[in-house]
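Chemist: Here it is, the structure, as structure tokens.
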Amino acid sequence: MNAPALKMTGISKEFPGIRALADVDLEVRAGEVHAIVGENGAGKSTLVKILNGVYQPDAGTIEVHGEEVRLTEPTEARRHGIGMVYQELNLVPDLTVAENITLGSMPHSGPFIDRGRIAQSANRVLEMLDTGLDSRARVATLSISEQQLVEIAKVLREDPSILVFDEPTSSLGERETRTLFNVIRRLRERGIAIIYISHRLQEVMEIGDRVTVLRDGRRIETRDISGTTPEQMVRLMVGRELAEMFPKLPLTPGEPVLRVESISATGRFANISLTVREHEIVGLGGLVGSGRTEVARAIFGLDHIDSGRIEVRGTAIGGSGVRRHIRAGIALVPEDRKGEGIIPELSIRENVTLPIITRITNVLIVLLRRERAIAQEIVGRLNVVPPHVERPIGSFSGGNQQKVVLGKWLLAKPQVLVLDEPTRGVDVGAKADIHRIIGEFARDGGAVLMISSELPELLAVCDRIFVLHEGNLAAEIPRTEMDEESVMRAATGQVPK
């Protein structure tokens, strides 16, 4: 058995009115992947922020390779060999990949930055990750999944002995996840202690050696992954069965609501046709980069199409532009929740009523009492916790933020709900709530088009799946024929002729 690289003992932390952690122990061995799971609010983020020196514990001790340390700031944590890969990106869009990877410690030649050594240093890490990324590319030109790999490369360049991954695959597709797991396995073989935080329990089962379950700020149990099932982990985390994560209402599809006919956009996708009917949830599958998000944005009117036709209930949407598509009854919950779905500084009340602001104004004055009542009603309906509509939405967990994004569009009463990764980075409890909301929308006559990189999610909730491959429609798979193999075969272009 390998020696502990990290030992956290009796860690407690309180914020005003909240006990975030209570007497938590965590021991991570050199050369192991130690998973930490729990619902949002269980204390996972607080624990790793203490490890990174962002917060200081109210009680408890931290030992790194047998030496007790005080981590008063992130630079102190890095000095002790602790590296952190957060879910939220922290990159400079106008700099290149290489410049972002070396930012803060760029090599110099005399008074000048040595760009040759910058490229060499960055390429060494990129080769380890096997990303295929061009170190000369500007980060602003990369997809979210590619930016996540740059974030990981930044941390690996510092050669940490303890490495924390906080939801590292939340923006990655199947291919990029495979690449990351291969890197993690190589790091484990080199004796690096790895903490892996994820809501995706199948990932935890695949990559983890041991798992610690947190609930309400307390450590519930630490056990070996071998011999543990996802069902057991869910019960420890939230006290509910795994089957409740993807509740599926028995619905019979009705008349077509959304019809997309042969839409094309040069360099993004070509000749895409699909339909979504009343009471139906249709999946849009494919690997990252296959054109899924681009098609969703075009259906919502965010991006221009060169040819083709989009109809809602038989009426074509003339021209492009988001306003036309919203008036036609289409709503989009975007992939980038923080950048495009919410305004973090505004309250839940202000965020949730944005699409219907003209309905709650008297000339130029917002009817505050009416707005607050609407917000409180939708927050209660969607189980947002805590139900404080005047708090800035940026202070809530990702799952609660996502519920608000869904809620604001439900208030607009759309006919078509387009969802791009609706449960990305949310815990199992919030995921079940979001699927319940989606199911109720379909039950009430709505049409849902959903993108997800989690195949079990698509297979569990969708009535049909359209699969894209390199910007083209590769297959339409009915529910009776859906399984992981059929979807992945189409997503990788291996469709029988």
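Read-outs: derived from the displayed coordinates by stated rules, not from any lab. It should be emphasised that the depicted structure is a prediction, and the values quoted were computed from it without experimental measurement. Please note: Cβ atoms are built from the backbone with ideal geometry, for glycine as well, and neighbour counts cover all protein chains shown.
Chemist: Where both partners of a DSSP beta bridge lie in segment 256-491, what percent of those bridges are antiparallel, to the nearest 5?
Modeler: Details: 22 of 40 bridges.
Rounded to the nearest five, the antiparallel share is 55 percent.
Chemist: Give the whole-number value, in cubic angstrom per residue, of the convex hull volume spanned by the C-alpha atoms of the chain.
Modeler: Values: hull volume 86.7 nm³, N = 497.
Cα-based convex hull of the chain, divided per residue, equals 174 Å³.
Chemist: May I ask you to list the lysines whose Cα is less than 20 Å away from that of residue 431, ignoring any residue fewer than eight positions away on the same chain?
Modeler: 44, 248, 338, 403, 408
Chemist: Could you tally the net charge around residue 318, taking each other residue with its Cβ under 13 Å from the Cβ of residue 318, Lys/Arg +1 and Asp/Glu -1? It would help to have the intermediate numbers written out before the result.
Modeler: On the way: positive: 309, 323, 324, 327; negative: 311.
Cβ neighbours under 13 Å give a net charge of +3.
Chemist: From the helices alone, meaning DSSP H stretches of at least four residues, give me the mean residue ellipticity at 222 nm for the chain, per-run term -39500 (n - 2.57), in deg cm²/dmol to the nearest 500. Don't skip to the end; give the middle numbers.
Modeler: Details: 16 runs with 160 residues, N = 497.
Using -39500 (n - 2.57) per qualifying helix, the result is -9500 deg cm²/dmol.
Chemist: Next question, about the same structure. Place a label point 7 angstrom from the Cα of residue 261 along the Cα-to-Cβ direction, then list the residues of segment 279-307 whose backbone nitrogen is under 14 Å away.
Modeler: Label zone hits: 307.
Chemist: How high is the FRET efficiency between residue 476 and residue 251 when r is their beta carbon distance and R₀ equals 30 Å, given to the nearest 0.05?
Modeler: On the way: r = 19 Å, r/R0 = 0.63.
Once the sixth-power term is evaluated, E becomes 0.95.
Chemist: Right, here's the next one. Looking at segment 405-497, which GluC sites (Glu not before Pro) are DSSP coil and have at most 15 other C-beta atoms within 10 Å of their C-beta?
Modeler: Working: sites: 440, 454, 457, 470, 476, 481, 484, 485; in loops: 454, 470.
Here the GluC sites (Glu not before Pro) that fit, given the DSSP loop and packing criteria, are 470.
Chemist: For segment 256-491, calculate the relative contact order in percent as a whole number, restricting contacts to Cα pairs under 8 Å that are 6 or more residues apart. Write down the numbers at each step before the final one.
Modeler: On the way: 463 pairs, mean separation 69.2, N = 236.
Dividing the mean separation by the residue count of segment 256-491 yields 29 percent.
Chemist: Over segment 262-343, what is the relative contact order in percent, taking alpha-carbon pairs closer than 8 angstrom and at least six residues apart?
Modeler: Details: 84 pairs, mean separation 21.7, N = 82.
This gives 27 percent for segment 262-343.
Chemist: Sticking with this one: Please compute the modelled spin-label separation between residue 324 and residue 178, points set 7 Å along Cα→Cβ, answer in nm with one decimal.
Modeler: Distance between the two pseudo-spin positions: 4.0 nm.
Chemist: What net charge is computed for the residues neighbouring residue 146, neighbours being all others with C-beta under 14 Å from the C-beta of residue 146, Lys and Arg scored +1, Asp and Glu -1? Don't skip to the answer; put the middle values down first.
Modeler: On the way: positive: 136, 138, 154, 175; negative: 130, 134, 151, 176, 335, 336.
Combined, the nearby Lys, Arg, Asp and Glu give -2.
Chemist: A further question follows. Is the C-alpha gyration tensor of segment 256-491 telling us rounded, prolate or oblate? Criteria: a/c under 1.5 is rounded; beyond that, a/b larger than b/c is prolate, otherwise oblate.
Modeler: Details: a/c = 1.98, a/b = 1.45, b/c = 1.36.
Because a/c hits 1.5 or more and a/b exceeds b/c, segment 256-491 counts as prolate.
Chemist: Considering Cα pairs under 8 angstrom that are at least six residues apart, work out the relative contact order of the chain and quote it in whole percent. Don't jump to the answer; show the numbers that get you there.
Modeler: Numbers: 1012 pairs, mean separation 76.0, N = 497.
Relative contact order comes out at 15 percent.
Chemist: Using label points projected 7 Å from each Cα along Cα→Cβ, tell me how many nm separate residue 159 and residue 367, to one decimal.
Modeler: Roughly 6.7 nm, to one decimal.
Chemist: Looking at segment 70-167, which trypsin sites (Lys or Arg not before Pro) are in a loop (DSSP not H, G, I, E or B) and have at most 13 other Cβ atoms within 10 Å? Numbers along the way, then the final one.
Modeler: Numbers: sites: 70, 78, 79, 115, 117, 124, 136, 138, 154, 157; in loops: 70, 136, 157.
Answer by residue number: 70, 136.
Chemist: So in the chain, what percent of DSSP beta bridges are antiparallel if you round to the nearest 5? Intermediate results must be reported in sequence, preceding the final value.
Modeler: Details: 47 of 82 bridges.
Percentage antiparallel, nearest 5: 55.
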